[in-house]
Amino acid sequence: MKTIIVGITGASGAVLGERLVRFLLEGGHEVHAILSPSGVSVFREELGIGLGSSHAEIRKNFLKHYKNPKRLFVAAADDFAARISSGSAPVDAMVIAPCSMSTVGAIAHGVTLNLIHRVASVSIKEKRTLILVPRESPLSPIHLKNLLALSEIGVHIVPATTAFYHKPKTALEIVDFTVGRVLDLLKVEHRLFKRWREGEGE
Ligand SMILES: Cc1cc2nc3c(=O)[nH]c(=O)nc-3n(C[C@H](O)[C@H](O)[C@H](O)COP(=O)(O)O)c2cc1C
């Protein structure tokens with residue numbers, strides 16, 4: 001069982017965070033979710049799921065959405081004193097999915113305006129696995145420089161893009177390709193997509 005922190009920011013692709021949390025819970029892992037205020041807005045905009053505005057509402061509705069599993073915790077985005085904000089918290093990895101360019105910029109420059117930035121910064125200083133799923137198009141030179149700076153210090157950059165060799169037929173199959181690549185990096189088993197030449201023998 002792994003303990004994974006999942007940050008959900010206000011980039012398009014709320015479904016990526018929603019499915020990642022779902023698959024981690026289904027795999028028996030412990031998930032600590034943090035939603036930025038923009039992440040909450042895009043969750044409502046794209047998934048039609050209104051989580052509310054206060055932390056108590058967001059926590060209650062997010063837990064309810066997943067049918068109140070024992071291993072799901074929700075931290076407030078402005079709670080810098082949360083247990084997971086400390087490097088001493090026993091955490092295996094952090095994923096930010098979807099990750100906005102604003103959050104990429106903050107992390108790349110060591111700016112901590114919310115708990116997502118803080119935990120990402122802690123992950124970097126503790127040399128823990130940190131995986132970002134950025135979503136923007138086209139990417140500006142600023143975005144690319146920030147992503148390169150993070151990649152160069154070992155942060156995994158998994159863009160929200162799909163391969164086509166598994167012949168996706170639905171939008172969810174496209175989403176699950178990216179989620180599956182994140183699970184690969186977390187070393188969490190899954191059957192979310194057919195791998196290149198899988199089942200063809202040697
Ligand atoms: C519907 C919607 C879609 C958005 N899509 C993106 C996106 O794909 N990438 C991005 O970087 N920002 C996107 N934004 C803008 C971010 O939400 C905005 O920059 C916000 O400040 C990000 O803050 P956060 O990183 O703390 O969540 C979108 C905003 C809205 C309302």
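Within the stretch 50-60, which residues are in contact with an Asp or Glu (Cβ under 8 Å, 6 or more places away or on another chain) and free of Cβ contacts under 8 Å to residues at least 24 places away in the same chain? Full working, then the answer.
Going residue by residue through the stretch 50-60, those that are in contact with an Asp or Glu (Cβ under 8 Å, 6 or more places away or on another chain) are 51, 55.
Hit for the stretch 50-60 is Leu51, nothing else.
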Given (1) touching a Phe, Trp or Tyr at 6+ places or on another chain (Cβ under 7 Å); (2) farther than 17 Å from Ile5 by Cβ, number of the condition Val179 does not satisfy: (2)
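Collect the residues in the stretch 40-57 that are farther than 18 Å from Leu20 by Cα and either assigned to a helix (DSSP H, G or I) or hydroxyl-bearing (Ser, Thr, Tyr) (or both), keeping them in residue-number order.
Step one: of the stretch 40-57, the residues farther than 18 Å from Leu20 by Cα are 41, 45, 50, 52-57.
Across the stretch 40-57, the qualifying residues are Ser41, Glu45, Ser53, Ser54, His55, Ala56, Glu57.
For residues that are under 18 Å from the mean Cα position of the chain (by Cα) and within 16 Å of the ligand (Cβ to nearest atom), scanning just the stretch 58-81, find the one that is surrounded by the fewest Cβ atoms within 10 Å (Cβ to Cβ). Please lay out each step first, then the result.
Restricting attention to the stretch 58-81, the residues satisfying the condition of being under 18 Å from the mean Cα position of the chain (by Cα) are 58-59, 62-63, 65-66, 71-78.
Adding the requirement that they be within 16 Å of the ligand (Cβ to nearest atom) leaves 58, 62, 74-78.
Numbers: Ile58: 22, Phe62: 22, Val74: 21, Ala75: 22, Ala76: 17, Ala77: 25, Asp78: 14.
Among them, the one singled out is Asp78.
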Can you find even one residue in the stretch 44-57 that is within 17 Å of the chain's Cα centre (by Cα) and closer than 15 Å to Ile116 by Cα? no
Name the pairs whose Cβ atoms lie under 6 Å apart, with the first residue in the stretch 104-118 and without any contact (Cβ under 8 Å) to a residue 40 or more places away in the chain and more than 14 Å from Gly10 (Cα to Cα), the second assigned to a loop (DSSP other than H, G, I, E, B) and within 12 Å of the ligand (Cβ to nearest atom), and 6 or more positions between them or separate chains? Arg118/Thr112
Which of (1) away from the ligand (no atom under 16 Å from the Cβ); (2) of a type in the set (Gly, Ala, Ser); (3) part of a loop (DSSP other than H, G, I, E, B); (4) in contact with a helix residue (DSSP H, G or I) (Cβ under 9 Å, 6 or more places away or on another chain) is the odd one out, the single condition Gly199 does not satisfy? (4)
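Just to check your reading of the model, which residue among Lys127, Lys145, Lys194 is surrounded by fewer than 17 Cβ atoms within 10 Å (Cβ to Cβ) and part of a helix (DSSP H, G or I)? Lay out the reasoning, then the answer.
Values: Lys127 fails: part of a helix (DSSP H, G or I); Lys194 fails: part of a helix (DSSP H, G or I).
That would be Lys145, the only listed residue that is surrounded by fewer than 17 Cβ atoms within 10 Å (Cβ to Cβ) and part of a helix (DSSP H, G or I).
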Of all residues in the stretch 98-111, count the ones that are away from the ligand (no atom under 12 Å from the Cβ) and not in a loop (DSSP other than H, G, I, E, B). 1
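When the residues of the stretch 149-177 are narrowed to those that are outside any loop (DSSP other than H, G, I, E, B) and in contact with a helix residue (DSSP H, G or I) (Cβ under 6 Å, 6 or more places away or on another chain), which ends up farthest from Ser121 (Cα to Cα)?
Step one: of the stretch 149-177, the residues outside any loop (DSSP other than H, G, I, E, B) are 149-152, 156-157, 171-177.
Next, from what is left, pick out any that are in contact with a helix residue (DSSP H, G or I) (Cβ under 6 Å, 6 or more places away or on another chain): 149-150, 156-157, 175.
Values: Ala149: 13, Leu150: 11, His156: 14, Ile157: 15, Val175: 27 Å.
Of everything passing the filter in the stretch 149-177, Val175 is farthest from Ser121 (Cα to Cα).
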Total residues in the stretch 17-39, condition surrounded by 24 or more Cβ atoms within 10 Å (Cβ to Cβ), within 13 Å of the ligand (Cβ to nearest atom) and not hydroxyl-bearing (Ser, Thr, Tyr): 4
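Is it the case, given these coordinates, that Pro134 is within 13 Å of the ligand (Cβ to nearest atom) and touching a strand residue (DSSP E or B) at 6+ places or on another chain (Cβ under 7 Å)?
Values: within 13 Å of the ligand (Cβ to nearest atom): yes; touching a strand residue (DSSP E or B) at 6+ places or on another chain (Cβ under 7 Å): yes.
When the stated conditions are applied, Pro134 passes them.
Would you point out the residue of the stretch 61-88, among those that are in a loop (DSSP other than H, G, I, E, B), without any contact (Cβ under 8 Å) to a residue 24 or more places away in the chain and not polar (S, T, N, Q), that is nearest to Thr112 (Cα to Cα)?
Step one: filter the stretch 61-88 for residues in a loop (DSSP other than H, G, I, E, B), giving 66-71, 76-82, 86-88.
Retained after the next criterion (residues that are without any contact (Cβ under 8 Å) to a residue 24 or more places away in the chain): 67-68, 70, 81, 88.
Keeping just the survivors that are not polar (S, T, N, Q) gives 67, 70, 81.
On the way: Lys67: 32, Lys70: 29, Ala81: 13 Å.
Ranking the qualifying residues of the stretch 61-88, first place goes to Ala81.
Would you point out the residue of the stretch 112-124, among those that are assigned to a loop (DSSP other than H, G, I, E, B) and within 11 Å of the ligand (Cβ to nearest atom), that is nearest to the chain's Cα centre (by Cα)?
At the first step, the residues of the stretch 112-124 found to be assigned to a loop (DSSP other than H, G, I, E, B) are 112-114.
Subsequent filtering for residues that are within 11 Å of the ligand (Cβ to nearest atom) retains 113-114.
Numbers: Leu113: 18, Asn114: 15 Å.
Checked the stretch 112-124; the qualifying residue nearest to the chain's Cα centre (by Cα) is Asn114.
Where a number appears in this text, it was derived from the coordinates with a stated rule and is not lab data. Keep in mind that this is a model prediction, so the values were computed, not measured. Cβ: placed from backbone, ideal geometry, glycine included. Neighbour counts: every protein chain shown.
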